[in-house]
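*Asks:* Take a look at the following structure, please.
The values are calculated or read from the model by the stated rules, or taken from the named source; none is laboratory data. Quick caveat: nothing in here was measured; it's all calculated off a predicted structure. Quick reminder, even Gly has a Cβ in these numbers, built from the backbone with ideal geometry, and neighbours come from all protein chains shown.
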Amino acid sequence: MKINLKEKFTKINNHWHPYIIGELNENFVKLAKLKGELVWHSHQEEDEMFVVLSGTLMMDFRDGKTISTESGEILIVPKGVEHRPWTNGEVVMVMLIEPKTTRHTGEIKVPQTVGKLEWI
């Protein structure tokens with residue numbers, strides 16, 4: 001299956017709202033536009049992979065580390081690790097590859113939490 005990422009990103013208007021664009025074994029392939037910050041959260045059973053396609057994604061960890069991931073780089077957050085993604089005010093475009101069971105903000109529910117994923 002061929003997917004045009006530029007075309008898919010034109011359909012995304014909300015920040016921090018992941019949309020499904022494909023399935024790979026037991027994983028969803030998702031796209032999202034990020035701006036500002038998301039809540040601290042973790043995923044107890046799933047690793048999370050962020051592929052940064054444009055911009056710079058910042059990720060805070062509870063141990064005090066902040067990792068900067070730039071366009072063309074990948075960040076993998078291991079299961080159970082509490083993290084908070086954020087941006088420096090720019091729109092960051094990412095691809096997420098994660099198990100279908102992954103909840104957007106883990107067990108935390110905030111206004112930004114997406115409960116039901118949609119395909120675009």
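*Asks:* Under the condition of being in contact with a Pro (Cβ under 9 Å, 6 or more places away or on another chain) and farther than 25 Å from residue 5 by Cα, which residue from the range 40-60 is surrounded by the fewest Cβ atoms within 10 Å (Cβ to Cβ)? It would help to see each step written out before you state the result.
*Replies:* Restricting attention to the range 40-60, the residues satisfying the condition of being in contact with a Pro (Cβ under 9 Å, 6 or more places away or on another chain) are 43, 45-48, 50, 57-60.
With the extra rule that they be farther than 25 Å from residue 5 by Cα, the set shrinks to 43, 45, 60.
On the way: 43: 23, 45: 11, 60: 16.
In this case the residue turns out to be 45.
*Asks:* Return yes when residue 55 is small (Gly, Ala, Ser) and at pLDDT 95 or above and no when it is not.
*Replies:* Numbers: small (Gly, Ala, Ser): yes; at pLDDT 95 or above: yes.
Spelling it out, residue 55 is indeed small (Gly, Ala, Ser) and at pLDDT 95 or above.
*Asks:* Name the strands (runs of 3 or more DSSP E) wholly inside the range 1-108 in which the number of residues that are of a type in the set (Phe, Trp, Tyr) and under 11 Å from the mean Cα position of the chain (by Cα) is 1 or more.
*Replies:* On the way: elements: 19-24, 27-34, 48-54, 56-61, 66-70, 74-77, 83-86, 92-99.
Hits in the range 1-108: 19-24, 48-54, 83-86.
*Asks:* Return the pairs, sorted by first residue and then second, in which the second residue is among the acidic types (Asp, Glu) and surrounded by fewer than 16 Cβ atoms within 10 Å (Cβ to Cβ), the first residue lies in the range 84-105 and is under 16 Å from residue 24 (Cβ atoms) and at pLDDT below 95, the beta carbons are less than 7 Å apart, and the residues are 6+ apart or on different chains.
*Replies:* Listed pairs, sorted by first residue: 99/26; 100/26; 101/45.
*Asks:* For residue 44, work out the one condition from (1) touching a strand residue (DSSP E or B) at 6+ places or on another chain (Cβ under 7 Å); (2) touching a residue at least 12 places away in the same chain (Cβ under 8 Å) it doesn't fulfil.
*Replies:* Going through (1) touching a strand residue (DSSP E or B) at 6+ places or on another chain (Cβ under 7 Å); (2) touching a residue at least 12 places away in the same chain (Cβ under 8 Å) one by one, residue 44 breaks only (1).
*Asks:* Out of the residues in the range 56-83 that are free of Cβ contacts under 8 Å to residues at least 12 places away in the same chain and among the charged types (D, E, K, R), which is nearest to residue 16 (Cα to Cα)? So that I can check it myself, show each step before the final result.
*Replies:* Restricting attention to the range 56-83, the residues satisfying the condition of being free of Cβ contacts under 8 Å to residues at least 12 places away in the same chain are 63-67.
After this cut, where a residue has to be among the charged types (D, E, K, R) as well, the list is 63, 65.
Working: 63: 24, 65: 22 Å.
Only one residue tops the list, namely 65.
*Asks:* Look through 120, 21, 97, 67 and report the one residue that is within 28 Å of residue 4 (Cβ to Cβ), aliphatic (A, V, I, L, M) and surrounded by fewer than 16 Cβ atoms within 10 Å (Cβ to Cβ). Give the steps one after another, and end with the answer.
*Replies:* On the way: 21 fails: surrounded by fewer than 16 Cβ atoms within 10 Å (Cβ to Cβ); 97 fails: surrounded by fewer than 16 Cβ atoms within 10 Å (Cβ to Cβ); 67 fails: within 28 Å of residue 4 (Cβ to Cβ).
On inspection, the qualifying residue turns out to be 120.
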